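Okay, structure first, notes after.
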Amino acid sequence: MRNAVAETSASRRATGILRVPAPDGRHYTAVDLLRGLAALAVLLWHYQHFWFPPAGQPATLPPLVQLPLSGTLWPFYLYGHYAVQLFWVISGFVFAAVYAGRRPSAASFFGARFARLYPLHFVTLLLVAVLQFWSISALGYFQIYLYNDLYHFVLNVFF
């Protein structure tokens with residue numbers, strides 16, 4: 001009897017994760033779960049970039065079987081880039097849920113998007129700049145991208 005109660009409780013929790021929105025009606029746990037899985041897929045797809053040759057040489061990957069855990073991670077190595085498109089679909093769903101019945105001005109919409117996305121862009125840009133500086137200092141070459149000068153940094157600051 002105790003196992004049946006535990007199974008029913010676990011079943012309710014799992015079902016709740018997949019279909020019950022938060023009290024405000026605009027937060028869906030299943031969408032967060034899907035977004036997390038898509039993020040994992042993109043992260044694992046990028047993992048193969050550690051096997052690129054130094055910047056300035058042709059960006060060729062070794063055969064799939066030579067990549068780490070290729071027996072397990074091969075779907076992510078081959079198809080993980082499609083998760084970016086899944087992010088676009090999720091963003092469309094979230095925008096539809098947030099702006100349903102409202103009509104924001106273009107300025108407020110783009111201002112909100114900029115305020116949400118630019119800080120992450122800038123922090124990532126700084127992190128990559130530091131890592132590229134470390135790479136050239138420690139290894140003698142840049143990673144993946146050859147253009148790591150002030151001109152290209154400024155271009156990236158302003159998108």
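The values are calculated or read from the model by the stated rules, or taken from the named source; none is laboratory data. The model shown is predicted, which means the values in this text are computed figures rather than measured ones. Ideal geometry is used to build each Cβ from the backbone, glycine not excepted, and the neighbour counts take in all protein chains shown. In case anyone asks, the SASA skips ligands and DNA or RNA and just uses the protein heavy atoms, side chains included. Shrake-Rupley method; radii C 1.70, N 1.55, O 1.52, S 1.80 Å.
For this structure, a couple of remarks:
- Among (1) touching a residue at least 12 places away in the same chain (Cβ under 8 Å); (2) open to solvent by less than 70 Å² (accessible area, probe 1.4 Å), the one test that GLY92 misses: (1)
- Residues that are exposed (fewer than 13 other Cβ atoms within 10 Å of the Cβ) and of a type in the set (A, V, I, L, M, F, W, C) within segment 96-113 comprise ALA96, VAL98, ALA100, ALA106, ALA107, PHE110, ALA112, listed in sequence order.
- Failed item, numbered, when TRP74 is tested on (1) open to solvent by less than 80 Å² (accessible area, probe 1.4 Å); (2) under 21 Å from the mean Cα position of the chain (by Cα): (1)
- Being touching a residue at least 24 places away in the same chain (Cβ under 8 Å), open to solvent by 70 Å² or more (accessible area, probe 1.4 Å) and over 20 Å from the mean Cα position of the chain (by Cα) holds for only one residue in LEU155, LEU146, and it is LEU146.
- Qualifying residue in segment 34-47 (condition: basic (Lys, Arg) and either out of contact with any helix residue (DSSP H, G or I) (no Cβ under 9 Å at 6 or more places or on another chain) or open to solvent by less than 60 Å² (accessible area, probe 1.4 Å) (or both)): no
- Unmet criterion (only one of (1) over 20 Å from the mean Cα position of the chain (by Cα); (2) at pLDDT 80 or above; (3) open to solvent by less than 50 Å² (accessible area, probe 1.4 Å)) for ALA55: (2)
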